[in-house]
Amino acid sequence: MVSTHFPTLDQNLSSIRLDIRTLQPQLVEWRRLLHQRPELGFRETLTAKLITRLLTEWGIEHQTGVAQTGTVAILRGMQKGADPVLGIRADMDALPIQEENLVSYRSQHDGIMHACGHDGHVAIALGTAYYLSQHPDRFAGTVKIIFQPAEEGPGGAKPMIESGALKDPDVDAIIGLHLWNNLPLGTVGVREGAMMAAVELFDCTIRGKGGHGAMPHQTVDPIVVSAQIVNALQAIVARNVDPLKSAVVTVGSLHAGHAHNVIPAMAQMQGTVRYFDPAFEGFFQQRLEQVIAGICQSYGATYELSYRSLYPPVINDRTMANLVRSIAEAVVETPMGVVPECQTMGGEDMSFFLKEVPGCYFFLGSANDSKDLAYPHHHPRFDFDETALGLGVEIFVRCVEKFCTAQK
Ligand code: NI
């Protein structure tokens, strides 16, 4: 849902401090540069080079090559008396999509596009790093800015954690944001608890016995078996999941056969499962297997099921969600303001960081209908209102100022 009541640019900028407002053209420039040179997961070498060049230029301590293309920047505050460590995470990768926007900064890499806004995430993180490097007196302890590869898959968060991104100094809490075209510019979506869903994937091959389309009694028809399975899988959510909880089972691909009059020997399906409650871990795999096995057995077919858990649900810590919410309320002073109970069945590997340390992931509204910037994420015409970049930096910086204080 995208509202047509959009706040004006001035309204959005009024809560942004002058130093960050001045940075706005630079944020736009970095974002557009990244947008022109999108890179897929674990191949973000140009992106990593730009990040490293700027961090070096600004004299910011950093570690490169973390989980291949990741970078961790370390900023030390000058306030004395406490030593909190806050992590800020930004994902960097693009998608295998051919951009259809005709903007001057459109993708120059054929078939690859920043269609999810991760170019903006990097620009916001860079702006935050720059600001904090210029104002070390405004915080105590340490801020670690984690530039993470491959969020869109296969997932860069886990390897970054395994490479020690949260260690030495040990991160106490972590925050991160996603520019979000499901919300208008000038809003922030945040909640405690489950924010985004667990992502699980399955591949299933149904094996029957092929034959003549006119003589089905001589065959075991994998198409009929698959049709039964697709329907029965929907009953898992409808009949095994508490109606007050949310889950999705989607079969996204189903392939079998090649002729009008031939019953094939095999059918293949792929799908995804989503849920918020971590208690469902393992449950859908078990039920899927039971349903598929039962139907195949009753028709005399066999199956191979491969099932994997990609990302756990994104679960926000109460204290950290309250911190982000209070800051967002102060920064987005628009009538729409902070959108409570914002959730999506989309997934995110920010969840791995949030399993390690308390934290908060939130959505920063970035759609603007009046500028035709409201296409959904992963659409070939996705683009967002760049005013959100400055808002993102302001929110991150205020989070640092509130979390990393000497009084802690
Ligand atoms: Ni994304």
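The table below lists the values:
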| quantity | calculated |
| --- | --- |
| Subset of region 84-111 [more than 26 Å from Gln24 (Cα to Cα) and touching a residue at least 40 places away in the same chain (Cβ under 8 Å)] | Pro84, Val85, Pro96, Ile97, Gln98 |
| Answer from Gly186, Gly176 - the residue that is more than 16 Å from the ligand (Cβ to nearest atom), under 22 Å from Gly117 (Cβ atoms), in contact with a helix residue (DSSP H, G or I) (Cβ under 6 Å, 6 or more places away or on another chain) and not assigned by TED's automatic domain parsing to the domain that holds Ser253 | Gly186 |
| Test: residue in region 96-119 that is at positive phi and within 16 Å of the ligand (Cβ to nearest atom) | yes |
| Pair list, Cβ < 7 Å and 6+ apart or interchain, from region 342-366 residues that are more than 18 Å from Lys158 (Cα to Cα) and at pLDDT 95 or above to residues that are within 15 Å of the ligand (Cβ to nearest atom) and polar (S, T, N, Q) | Ser366/Asn181 |
| Some residue of region 279-298 being without any contact (Cβ under 8 Å) to a residue 40 or more places away in the chain and acidic (Asp, Glu) | yes |
| Qualifying positions in region 74-95 - within 16 Å of the ligand (Cβ to nearest atom) and farther than 18 Å from His62 by Cα | Asp93, Ala94, Leu95 |
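Yes or no, residue by residue, for (1) within 16 Å of the ligand (Cβ to nearest atom); (2) touching a Pro at 6+ places or on another chain (Cβ under 8 Å); (3) at positive phi:
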| residue | (1), (2), (3) |
| --- | --- |
| Glu333 | no, no, no |
| Met336 | no, yes, no |
| Val339 | no, no, no |
| Gln343 | yes, no, no |
| Val357 | no, no, no |
| His377 | yes, no, no |
| Leu389 | yes, no, no |
| Arg398 | no, no, no |
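The values are calculated or read from the model by the stated rules, or taken from the named source; none is laboratory data. Just so it is clear, the structure is predicted and the values come from calculations on it, not from any experiment. Quick reminder, even Gly has a Cβ in these numbers, built from the backbone with ideal geometry, and neighbours come from all protein chains shown.
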